[in-house]
Amino acid sequence: MASRSVAAPSHLIKSRADQSLLDEIRRWREGMVRTRYARPSRLPLDAVPGWNTGVAEPAFTHGSGRFFAVRGHSVRTEDGRRAWMQPMVDQPEIGLLAIAVTPSDRGYAALVQAKAEPGNINGIQLSPTVQATRSNRERVHGGRPVPYLDLFDPATADVIVDSRQSEHGGVFWQKRNRVMIVRTPRFEPDVGFRWIELADLLALLHDDDLVHADTRAVLGCAPWTLPSGFAAAGARIPILPRTLSGAARCDVRPLARWLSAERARQSSVSVSVALPDLAGWGRSADALRRDDGTGFEVVAVSVDAAGREVDTWCQPMVRPVGLGVVGLAVCDRGGQLNLLMQACPEPGLVDDVELGPTVQIAGGEAPRSGAEADLLALLLDRPMEAVLFDAVLSDEGGRFLHSRCRHLVVLVDDCDAPVGFRWCPVSEVIAMLVHSHQVNMQARSALVCLVGAVAGEPLSRSEPVPRPAARTAA
């Protein structure tokens, strides 16, 4: 489902953020922590109320048959060079990730919620207006309704973005979300929601673990207009064109053909396997994990919550064992801003491969290739003045427990792209987002960090973030 080519506001952002406003937003979030929370407590895997998680169960499933399941998969690349087994989160329902924006004297403000999720490392993050699975929207849990769903009725909404996008294909099996941005008149929001100027929200990207992954994924789909090069980037503010016709006119056929060829070259086949039969994985009392201790593990939690649709529940969660990296190399090629993208294979993607960032290493994993390891070293070794963005940002906390990735956007010298990588004008990447399932979630997160690097001043960090090891996968 393609985005609608409808009239859109001219300027999304008109001015940079003000530190006093950022501090006020931070205090508001901290105040919400006292009344809105989702506190997890670990459970034994075979004692998860409402779930079928016994040792002999072929998959972890909810008693209602809804929500999601954890199933085993055996994956092999069609060229026969790689094969492995792993559990994956099977959530076939199409979720809704949606942000309402309203005109303001500084451009536009977004309606965000202070949402607590059990996997959030800091309790509450600035989340989209609506972030809900179909089961939640239909109140399968028997709890309170999801607020503001009515704002996103495509029959009546002033739609800016409406597309279907993938989620983390390394863990989710063919998970899809409907991503929407709509324009609405300003109104007084409910407790736990507030309007935040987009300039402020982009500046807050520089705070570790504050702007939610789904907020980044939605804003990453906006048809931003960015500076052509970095010579004047400090004085240029990203804007949303008056219409989307500019993105529609961008010729992405060469990029689409390259991506199609990479999908053929890097395709994979997956078959279902019972969890007890996963080779290379073992189950303890409290986790299903790899024998070598790398990657992620599946654990179970009991959640005590306030400010959510229900107050208590239990569920399995995915917990990475280390810090991941999402890195984006950018350069000025002939006066045009280019991004080094990779054709990134993930077993859970609907079409095997989507455009990913330069470096995409999940927590606890190693680079997939020598080329990715070399590019990681390049990003980490660039001088400080070349680093445009550097912050640790969380993955979503509904299925992931304390999953975090260091996000880097780094200006590099022009160089040849390795096999499986391609220099892309930023306008082409943005134009590809008009279509569904072309640009993965990590790339959308990196793209909005690039926008934040242009629109918001970096905030000083009190201590350096540890560098993940640049080792090549066996």
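Figures for the structure shown
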read-out	value
Test: residue in region 378-389 that is among the charged types (D, E, K, R), open to solvent by 10 Å² or more (accessible area, probe 1.4 Å), under 19 Å from the mean Cα position of the chain (by Cα) and under 20 Å from Val325 (Cβ atoms)	no
Checking Ala362 against (1) open to solvent by 10 Å² or more (accessible area, probe 1.4 Å); (2) more than 28 Å from Ser268 (Cβ to Cβ), the condition it does not meet	(2)
Members of region 31-46 that are free of Cβ contacts under 8 Å to residues at least 12 places away in the same chain and either under 23 Å from the mean Cα position of the chain (by Cα) or open to solvent by less than 50 Å² (accessible area, probe 1.4 Å) (or both)	Gly31
In region 415-436, the residues that are open to solvent by 20 Å² or more (accessible area, probe 1.4 Å), modelled with pLDDT of 95 or more and not hydrophobic (A, V, I, L, M, F, W, C)	Asp416, Pro418, Arg422
Residue tally, condition assigned to a strand (DSSP E or B), of a type outside the set (Val, Ile, Thr) and within 30 Å of Gly72 (Cβ to Cβ), over region 305-331	9
Residue in region 307-318 that is more than 27 Å from Leu198 (Cβ to Cβ), hydroxyl-bearing (Ser, Thr, Tyr) and modelled with pLDDT of 95 or more present	no
Qualifying residue in region 128-145 (condition: surrounded by fewer than 22 Cβ atoms within 10 Å (Cβ to Cβ), part of a strand (DSSP E or B), among the polar types (S, T, N, Q) and over 18 Å from the mean Cα position of the chain (by Cα))	no
Number of positions in region 336-360 that are assigned to a strand (DSSP E or B) and either among the aromatic types (Phe, Trp, Tyr) or under 18 Å from Met85 (Cα atoms) (or both)	1
Count - residues of region 195-224 that are more than 15 Å from Gln125 (Cα to Cα) and part of a strand (DSSP E or B)	1
Enumeration of residues in region 393-411 that are more than 21 Å from Met317 (Cα to Cα) and open to solvent by less than 10 Å² (accessible area, probe 1.4 Å)	His407, Leu408, Val409, Val410
Check on Leu375, touching a Ser or Thr at 6+ places or on another chain (Cβ under 7 Å), closer than 17 Å to Val325 by Cβ, open to solvent by less than 30 Å² (accessible area, probe 1.4 Å) and of a type in the set (A, V, I, L, M, F, W, C)	yes
Filter result for Arg71 (open to solvent by 50 Å² or more (accessible area, probe 1.4 Å), part of a strand (DSSP E or B) and of a type in the set (D, E, K, R))	yes
Residue selected from region 87-116 under the condition open to solvent by less than 10 Å² (accessible area, probe 1.4 Å) and within 30 Å of Thr294 (Cα to Cα), by the criterion farthest from the chain's Cα centre (by Cα)	Pro87
Answer from Ser268, Ser284 - the residue that is out of contact with any strand residue (DSSP E or B) (no Cβ under 6 Å at 6 or more places or on another chain) and open to solvent by less than 50 Å² (accessible area, probe 1.4 Å)	Ser284
Single unsatisfied condition, Ala279 versus (1) in a loop (DSSP other than H, G, I, E, B); (2) farther than 26 Å from Gly397 by Cα; (3) open to solvent by less than 20 Å² (accessible area, probe 1.4 Å)	(3)
Flag if Gly356 is surrounded by fewer than 22 Cβ atoms within 10 Å (Cβ to Cβ) and more than 30 Å from Arg144 (Cβ to Cβ)	no
Test: Ala248 is open to solvent by 50 Å² or more (accessible area, probe 1.4 Å), modelled with pLDDT under 50 and part of a helix (DSSP H, G or I)	yes
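Residues checked against (1) modelled with pLDDT of 90 or more; (2) open to solvent by 70 Å² or more (accessible area, probe 1.4 Å):
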{"residue": "Val6", "(1), (2)": "no, no"}
{"residue": "His11", "(1), (2)": "no, yes"}
{"residue": "Arg27", "(1), (2)": "yes, yes"}
{"residue": "Ala83", "(1), (2)": "yes, yes"}
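The values are calculated or read from the model by the stated rules, or taken from the named source; none is laboratory data. Not measured: the values here are computed from a predicted model. When we count neighbours, we look across all protein chains shown, and the Cβ atoms used for this are built from the backbone with ideal geometry, even at glycine. Ligands, DNA and RNA are stripped out before the accessible areas are found, and what is left, the full protein with its side chains, is counted by its heavy atoms. Shrake-Rupley method; radii C 1.70, N 1.55, O 1.52, S 1.80 Å.
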